[in-house]
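Student: Please find one structure pasted underneath; my questions will follow.
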Amino acid sequence: MRGLGRAIFGIIAATLLLSCAGCGEEKIISEDFERGNYGNFFVNPIMKTDKGFYYGQGAFKELSLHYYDSKNGKNMFLCNKPECRHDGNEFCAATSDKYRTMGAVMYGDSIYINVLEETETSYVYKLLRASLDGASLSEVVTYFEIDNVDIHPILYGDMSRAMAIHRNKAFLPYRLTNDVNSEVGICGTAIYDMDTGEVTYLGDKAFAGWDNNFMGCGEYMYFVTSQKYKTELYRYCYTDGSVEKVALERNFKGKYAIYDDNTIFYVRGQGDLFIRKLDTKENIAVKTDEWNGYMLEIPEEKGGGIAMHTHARIESILSDGEYVYIPENFSLDSYSYPLYIIYYDSEATGERVEITKDYIEVTILDSEGNYVNEVRVSSKDLLGYNEYFTLHFTEDAVYMQTSVMVYECSKADFIAGNANFKEAYPLDIDIVSRKEKAQ
């Protein structure tokens, strides 16, 4: 494909130019990936400090970084330059017209932003860094570049955990397809070493096999390689740079959660839950009959009480290293809203009765897959209407991120079965919503 030679040149140049990056600079302190708190195509992970929250524009929109000061309740652009209009000009530390965002992560004393720059002749994938005080925005590395002739980036459907930073290595996947034939293209994953400035790559892959769902734990970065008819789990070893396949049961769909160095929860098919023990290489089936399904109030004509209606799909799974969280019929890897309608025929009237379920039930499990509790979560309870949202799990709190407001619930309350969400900070960005925002 035209442009591949140029892409290789860009890769080599980036590696050489940055081989001495970091010389004379303060060493970046290594941090672990927050497994229960990650972003997706539309929203960033929760980026909190003791003074406030950081957030930015998503969904492949123009770069726009923001800060919410918790003490005075003020929302502002992450730029401290006097008289700056924050209109995308080249001097602004918070906004830019030249980049399209593909994710942001707070790491150390900076925010790292994965972006795509489109020039007249090429697509350029870059990693940016913004300081937490709003003083600077800079380009860290160009990790991939290719001619834009007869090719375009694939942006939807593969953005779940599209960037992950763990122990000073940033994993940055990219994927582009041919304008004429969607089955032809180029993809890969760059690995940027924050200590040395070196850029390496996660091995060559055919276009059919692209990397996604990155999750760091211990001395490994786990990731899913998806193909048309096959999805597999792999892990990259920090010690020697090797890559190995993690053997799971057949029909793995790419949904998994790392509990600890030895335990992986994953989903087979639409709802079979398994645990992979890495030391013994066992795949252990988890019994889900006790909790998987819709608990509905049955009308008196049918005997009254509460009963299980049907089994639900498991579309995502999360773990913060202490508990495992499973929302029924809802994906935390995306940004959507719960709506499930159940029908039954009334014995009294002979008419069809409709029950609308506009909330999710999050099941909480322990390290062995045992049932701990269940929590009902609804954006409608907070906003008055059923809005898009996702959940984030941090060390001491659970966050619900909607289009207009981020809500916070203590982790202790959530585990106890109480979704006591309170307002944490409002969002001042353009994000998809089911209701037009007030201007």
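The values are calculated or read from the model by the stated rules, or taken from the named source; none is laboratory data. Because the structure is predicted, anything quoted here is derived from the model rather than measured. Cβ: placed from backbone, ideal geometry, glycine included. Neighbour counts: every protein chain shown. To get the accessible areas, we keep the full protein, side chains included, count just its heavy atoms, and leave off ligands, DNA and RNA. Shrake-Rupley method; radii C 1.70, N 1.55, O 1.52, S 1.80 Å.
Student: Where only protein heavy atoms count, and the probe is 1.4 Å, what is the accessible area per residue for the chain in Å²?
Tutor: 47 Å²
Student: Which of rounded, prolate, oblate describes the stretch 203-287, given a ≥ b ≥ c as roots of the alpha-carbon gyration tensor eigenvalues and a/c under 1.5 marking rounded, otherwise prolate only if a/b is larger than b/c?
Tutor: Cα axes put the stretch 203-287 in the oblate bin.
Student: For the chain, what does the relative contact order come out to in percent, with C-alpha contacts under 8 Å and a separation of six or more?
Tutor: Averaging sequence separation for qualifying contacts and normalising by length gives 11 percent for the chain.
Student: Something else now. If you count only protein heavy atoms and use a 1.4 Å probe, how large is the accessible surface of residue 76, to the nearest 10 Å²?
Tutor: 60 Å²
Student: List the chymotrypsin sites (Phe, Trp or Tyr not before Pro) in the stretch 351-439 that DSSP assigns to loop (not H, G, I, E or B) and whose Cβ has at most 15 other Cβ atoms within 10 Å. Which are they?
Tutor: Within the stretch 351-439, the qualifying chymotrypsin sites (Phe, Trp or Tyr not before Pro) (loop, at most 15 other Cβ atoms within 10 Å) are 385.
Student: If I ignore ligands, DNA and RNA and count only protein heavy atoms, how much of residue 98 is accessible to a 1.4 Å probe, in Å² to the nearest 10?
Tutor: 100 Å²
Student: Now a separate question. Probe 1.4 Å, all protein chains in place: accessible area of residue 408 in Å², nearest 10?
Tutor: 60 Å²
Student: So what's the chain giving for Cα Rg divided by 2.2 N^0.38 Å, two decimals?
Tutor: Its radius of gyration relative to the 2.2 N^0.38 Å reference: 1.02.
Student: Roughly how many nanometres apart are two label points built 7 Å out from the Cα toward the Cβ at residue 76 and residue 358?
Tutor: According to this spin-label approximation, the distance is 3.8 nm.
Student: Tally up the carbon and sulfur contribution to the accessible surface of the stretch 107-240 as a whole percent, 1.4 Å probe, everything protein left in place.
Tutor: It is 45 percent, rounded to a whole number.
Student: Rounded if a/c is under 1.5, else prolate if a/b is larger than b/c, else oblate: which is the stretch 226-266, with a ≥ b ≥ c the root eigenvalues of its Cα gyration tensor?
Tutor: oblate
Student: Measuring from label point to label point, each 7 Å out along Cα→Cβ, what is the residue 287 to residue 245 span in nm?
Tutor: 3.3 nm
Student: Rounded to the nearest 500 deg cm²/dmol, what is the calculated helix-only ellipticity per residue at 222 nm for the chain, with -39500 (n - 2.57) per DSSP H run of length n ≥ 4?
Tutor: -1500 deg cm²/dmol
Student: Continuing with this model, one more query. Order the following by accessible area, largest value first: 405, 47. Probe radius 1.4 Å; ligands, DNA and RNA are ignored.
Tutor: Greatest to least solvent exposure: 405, 47.
Student: A follow-up question, please. Could you sort the peptides 177-184, 316-323 by per-residue average Cβ neighbour count (10 Å cutoff), highest mean leading?
Tutor: Order by mean packing, descending: 316-323, 177-184.
Student: Of 81/126; 48/126; 61/435; 48/277; 253/357, which pairs sit farther than 28 Å apart, going by alpha carbon to alpha carbon?
Tutor: From 81/126; 48/126; 61/435; 48/277; 253/357, over 28 Å: 48/277.
Student: Continuing with the same structure: If a/c stays under 1.5 just call it rounded; otherwise compare a/b with b/c (prolate if a/b is bigger, oblate if not). Do that for the stretch 122-201, with a ≥ b ≥ c from the square roots of the Cα gyration tensor eigenvalues.
Tutor: In terms of gyration-tensor shape, prolate.
Student: Take peptides 327-335, 81-89 and line them up by average Cβ neighbours within 10 Å, highest first, as a rough protection proxy.
Tutor: Peptide ranking by packing, descending: 327-335, 81-89.
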